[in-house]
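**Student:** Just passing along the structure, written as structure tokens.
The values are calculated or read from the model by the stated rules, or taken from the named source; none is laboratory data. Remember, it's a predicted structure, so these values are computed and weren't measured experimentally. Cβ placement follows ideal geometry from the backbone for every residue including glycine, while neighbour counts extend to all protein chains displayed. Please note that ligands, DNA and RNA were not included when accessible areas were found on the heavy atoms of the full protein model with its side chains. Shrake-Rupley method; radii C 1.70, N 1.55, O 1.52, S 1.80 Å.
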Amino acid sequence: MHGSRARVLVTKLRFSIRNVTMSTETSQFKKEDHAAIYLKNRPEWPPEIIQRSLSFLREKNPEPFKLAVDVGCGSGQNTRPLTPYFEKIIGVDVSEAQIRAAQSLKNPPNVEFRIGSAESIAVPDRSVDLITCAESVHWFDLDAFFREMDRILKPSGCIAIYTYHKIRPWVEGDDVKNEQLRDMIMQLCSVTLGPYNSPGARHLFNRLADIRIPYDETVRNESFHIQYDTTVASYLDYIRSWAIYQAYLEKNPSGPDILKEVQKRLMGILGLDCLPEDARIRTRTPVVLLLGRKPHTCIETSL
């Protein structure tokens, strides 16, 4: 993407974020069909991210670990991988539909999914070894959440926040095509769907740059990626799982199918001439990981 064009798109994106309506809040996740799409098309998190979070926890906490809470768990893509490492895992989400989707799978016996908010988590004070927030922190009231985090974490307990922005098609070693693909997704996000972004989406766009875990001991790691192979048809279903796409549908129930143009452009850039269900593509996105550790001393904090 040329520099001037990129600046125009980013400007439009920022304008769209500032002028969002409340229709794009977490109430979007109430729909059963959205939860089903989310369950089927959101990727699993790379094991390396979970292992890095556990390594940080182990630095000052002896095993066995009793309790982890996955906040904003959705349909459980990050909750289930934690089960080998804790006596109990609780996945919490405000969406009843997402919780039902998570419960619809055969889950390990030490997993419990609950309806609840990030700002009020129904566990005792100082009972949690690890809190995880995977692709969810941008929905939270951060001040209230960090107060709740401080209440429920054990001394030396840890929080791991990890997120990506938009997963996009990627061609290894082809900078020209990758710029075209980046431009295509940027236009979709900023121009077509930009007006439907939530206020917290800025945290995704700026890669958590303005989120600070309020503990002295923190780590920022940008070395991880999500990468997987899929089909064009499945990638379009991943876009359908976006909250902003669902908000667009809610406001434009009789509007044009904007994904037809995305499919056309994607197939054209990649030179694919087959059914979308048969068109294999590779996708990739960087992941930002924030880690924080509660002080071991039980001095009252100012959170």
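**Student:** Considering only DSSP beta bridges where both residues belong to the chain, give the percentage that are antiparallel (nearest 5).
**Tutor:** So the antiparallel bridges in the chain amount to around 50 percent.
**Student:** Of the accessible area of the chain, with the probe set at 1.4 angstrom, what percent is carbon plus sulfur?
**Tutor:** Exposed carbon and sulfur together represent 51 percent of the surface.
**Student:** Between the alpha-carbon centers of region 53-109 and region 134-188, tell me the distance in whole angstrom.
**Tutor:** Distance between centres, Cα-based: 18 Å.
**Student:** To check my understanding: the extent here is largest minus smallest coordinate of the Cα atoms along each principal axis. What are those three numbers for the chain, in Å, largest first?
**Tutor:** Principal extents (Cα only, largest first): 59, 42, 39 Å.
**Student:** So, one more: Identify the GluC sites (Glu not before Pro) of region 234-299 meeting these criteria: DSSP loop state and at most 15 other C-beta atoms within 10 Å of the C-beta.
**Tutor:** Answer by residue number: E277.
**Student:** Note down the net charge around T285, summing +1 for each Lys or Arg and -1 for each Asp or Glu among other residues with Cβ under 10 Å from its Cβ.
**Tutor:** Local charge sum for T285: +3.
**Student:** Filter the cross-link list K40/K166; K40/K177; K88/K294; K40/K88 down to pairs whose alpha-carbon distance in this structure exceeds 23 Å.
**Tutor:** From the list (K40/K166; K40/K177; K88/K294; K40/K88), the Cα-Cα distance tops 23 Å for K40/K177; K40/K88.
**Student:** Now for a separate question. Counting just the Cα atoms, what span does region 228-303 cover along each of its three principal axes? Round to the nearest Å and put the largest first.
**Tutor:** Principal extents (largest minus smallest coordinate, Cα): 63, 32, 17 Å.
**Student:** Choose one answer from R42, R212, R202: the residue with the largest mean-square fluctuation in a GNM of the chain with alpha-carbon springs under 10 Å.
**Tutor:** With Cα springs under 10 Å in the chain, the top fluctuation among R42, R212, R202 is at R212.
**Student:** Using 19 Å as the cut-off for backbone N distance, which residues of region 170-214 belong to the label zone defined by a point 7 Å from the Cα of H225 along Cα→Cβ?
**Tutor:** 170-186, 207
**Student:** Report, to two decimal places, the Cα Rg of region 193-279 normalised by 2.2 N^0.38 Å (N = number of residues).
**Tutor:** 1.45
**Student:** Shape call for region 82-159 from the C-alpha gyration tensor, a ≥ b ≥ c root eigenvalues: rounded (a/c under 1.5), prolate (a/b greater than b/c) or oblate?
**Tutor:** oblate
**Student:** With charges set only on the Cβ (+1 for Lys and Arg, -1 for Asp and Glu), what does the dipole of the chain come to about its Cα centre, in debye to the nearest 20?
**Tutor:** Charge dipole of the chain: 420 debye, to the nearest 20.
**Student:** With only alpha-carbon atoms in the gyration tensor, what are the semi-axes of the equivalent ellipsoid for region 29-73, in Å, largest first?
**Tutor:** 30, 13, 7
**Student:** Size of the dipole of region 73-186 about the Cα centre, Lys and Arg at +1 and Asp and Glu at -1 on the beta carbon, nothing else charged, in debye to 20?
**Tutor:** Using only the charged Cβ atoms, the result is roughly 380 debye.
**Student:** Largest first and to the nearest Å, give the Cα extent of region 140-270 along each principal axis.
**Tutor:** Principal axes ranked by extent give 54, 40, 22 Å for the Cα atoms.
**Student:** Could I ask something else about it? With contacts defined as alpha carbon pairs under 8 Å and 6 or more residues apart, what's the relative contact order of region 177-303 in percent?
**Tutor:** Averaging sequence separation for qualifying contacts and normalising by length gives 44 percent for region 177-303.
**Student:** On to the next question. Which whole-Hz couplings ³J(HN,Hα) result when phi for each residue of region 209-221 is put into the Karplus expression 6.51 cos²θ - 1.76 cosθ + 1.60, θ = phi - 60°, listed in order with x for Gly and Pro?
**Tutor:** With coefficients 6.51, -1.76 and 1.60, one gets 5, 10, 9, 10, 5, x, 10, 5, 9, 9, 9, 10, 10 Hz.
**Student:** Also, quick follow-up: Using a Gaussian network model on the chain with a 10 Å cutoff between Cα atoms, which of L39, L275, L153 fluctuates the most?
**Tutor:** Among L39, L275, L153, the largest mean-square fluctuation in the Gaussian network model of the chain belongs to L275.
**Student:** Please compute the per residue accessible area over the chain with all protein chains in place, 1.4 Å probe, rounded to a whole number of Å².
**Tutor:** 47 Å²
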